[in-house]
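Here is the structure we will look at, set down as structure tokens.
The values are calculated or read from the model by the stated rules, or taken from the named source; none is laboratory data. Computed from a predicted structure; not experimentally measured. Remember, those area values only see protein heavy atoms, side chains included, never the ligands or the DNA or RNA. Shrake-Rupley method; radii C 1.70, N 1.55, O 1.52, S 1.80 Å.
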Amino acid sequence: PEATLTTAVLSGLTLTYAGFTSANLSGADLSGGASLTYTNFTGANIAGANLSSSSVANSNFEGADLTGASLANTSLQQTNLVGANFTNVTGTASSVVGAALDATTRCRSGQLYDSGTMTVSLCINGV
């Protein structure tokens with residue numbers, strides 16, 4: 001069975017290599033320097049969650065729903081974002097170096113990363 005951690009307060013925790021496959025983390029607070037590196041979020045519901053100032057580097061978000069999530073200053077280095085839904089995310093990530101995106105990665109507004117000279121938008125193929 002999938003974990004249900006809706007509105008859980010996990011800010012600042014170290015959850016490296018955690019397994020949240022198909023988990024319900026909607027509205028969870030994973031902010032404040034939480035370390036979620038190498039974590040598996042495949043198919044997870046992370047809609048409306050706060051990941052501000054956390055590190056999810058080298059994590060897998062394939063098919064995850066991050067609708068309305070806050071990603072301000074979140075490190076997404078080397079993450080798998082294939083098929084993830086970033087519709088109406090807020091904030092911009094601190095880094096997306098090496099992140100995997102494809103035509104199934106979706107968003108409706110906003111941008112993922114803006115360095116001042118380069119902007120990476122998750123709106124691929126106008127979706």
> region 1-58: percent of C-alpha pairs farther apart than 14 Å?
Replying inline: 49 percent
> Tell me, in nm to one decimal, what length is gained between Leu13 and Ala100 on full extension, where the rule is 0.36 nm per residue of separation less the Cα-Cα distance?
Replying inline: 28.8 nm
> Using a 1.4 Å probe, how large is the accessible area of Leu15, given in Å² and rounded to the nearest 10?
Replying inline: 40 Å²
